[in-house]
Structures are given as C-alpha cells and as structure tokens.
1. Which three semi-axes in whole Å describe the equivalent ellipsoid of the range 62-120, each the square root of 5 times a Cα gyration tensor eigenvalue, listed largest first?
2. Output needed: percent of Cα pairs per 5 Å distance bin for the chain, bins running from 0 to the one holding the longest distance.
3. Please compute the modelled spin-label separation between TYR122 and ARG49, points set 7 Å along Cα→Cβ, answer in nm with one decimal.
4. If I model a spin label as a point 7 Å beyond the Cα along the Cα-Cβ vector, how far apart are those points for HIS82 and GLU10 in nm?
5. Dipole of the chain, Cα-centred, from +1 at each Lys and Arg C-beta and -1 at each Asp and Glu C-beta, to the nearest 20 debye?
6. What number, in percent, do you get for the relative contact order of the chain if the mean sequence gap of Cα pairs under 8 Å and at least 6 apart is divided by its residue count?
Amino acid sequence: MSLADCRTIELPVVAEPRGNLTFVESERHIPFPLRRVYYLYDVPSGAERGGHAHKQLHQLLIAISGAFDVHVDDGRERRSHHLNRPHKGLYIPPMVWREIDNFSGGSVCLALVSDFYEEDDYFRDYAEFKTSVDG
Ligand code: T46
C-alpha cells in the first residue's frame, strides 16, 4: 500500500429541504468490510491524535462535524488532507502513518474501520514502521 491508495471518497448525499442525509454501505461505498466504528470528540485546541500506522486495518475518516487535518505518510512521501465535510471521507489503507491535528472547536472525527480493536495491529514507533516499509 502507498499514498496512491490513500484517497478521498465522496459519499452519497440525499439532500432535502428538511436537511441532508449521508449513508455508508460496507464494501459498496468503502473498499473494505465494516466491523467497527469509533469517534474522536471534545478534542482540546492544539491536541494531536494518531501518530501510528496499522499493519492490516483499513479506515475511512470523516469530519462529521467541524474540521481537522490528516497528514499521511507511507514511509516515502507525506501528504496532508483537510477534512471539513460530513459527506467526504479519507480512505487510509494499511501501512500508512497518520497524524491528525488542527481540530476546530466542536469537531468530531468519525472512523469506520475494517476490524475489531487490536493493539498488535499498530506501529506506534515511526522508526519501526519505516524499517518495516523499507524491508
Ligand atoms: C486512528 C485515529 C484516527 C480502544 O480501546 N478501542 C478502540 O477502538 C480505539 C480506536 C482505541 N482504544 C483505546 C486504545 C488507547 O488506550 O483508546 C486509547 C486511545 O487510542 P489511540 O491512542 O490509538 O487514539 P488515537 O486518536 O491516537 O488514534 C485513533 C485510532 O487508534 C487510530 O487507528 O487512525 O484514531
């Protein structure tokens, strides 16, 4: 996997005068089976989340409310994405380091992910991640 696989996914929007509705269907709108949902909220100003890569996990991050920046790094190059719309997600495949910062007040980061929580799936040390990428 590389940054070329890391992309923004536009989700369906059902727009009506009474408000908008967005939905996500497993393996249809996201390229993986959905097994877990978690969300980050009440993030204090200046806080940073992430700072790790996953060995197997696929994720879609969505700014359900507010905005934040996601910096992705495959061990060779680094890119940044600004997420600020609830119908737009950032797909992050396995073996991509991510750091999340610049959270706006009241923002909520929704994560749709491909498997249950498993600490052994994490690289939490960048040097260890880089060694694994470089083989
Ligand atoms: C990611 C970013 C966006 C659980 O017990 N279950 C869970 O499903 C998760 C995600 C975490 N935890 C525990 C593990 C730690 O003791 O919650 C604590 C905080 O987790 P972490 O430091 O990994 O949180 P973030 O915000 O730095 O990272 C999380 C995800 O772990 C990660 O996959 O991409 O959100």
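Coordinate-derived values only; no laboratory data. Quick caveat: nothing in here was measured; it's all calculated off a predicted structure. FYI the Cβ positions are ideal-geometry reconstructions off the backbone, even for glycines, and counts take in every protein chain you see.
1. The three semi-axes for the range 62-120 are 20, 15, 10 Å.
2. 2, 10, 20, 23, 21, 15, 6, 2, 1, 0, 0
3. So the label points at ARG49 and TYR122 sit 1.3 nm apart.
4. Result for the modelled spin labels: 1.9 nm.
5. Roughly 440 debye, rounded to the nearest 20.
6. 35
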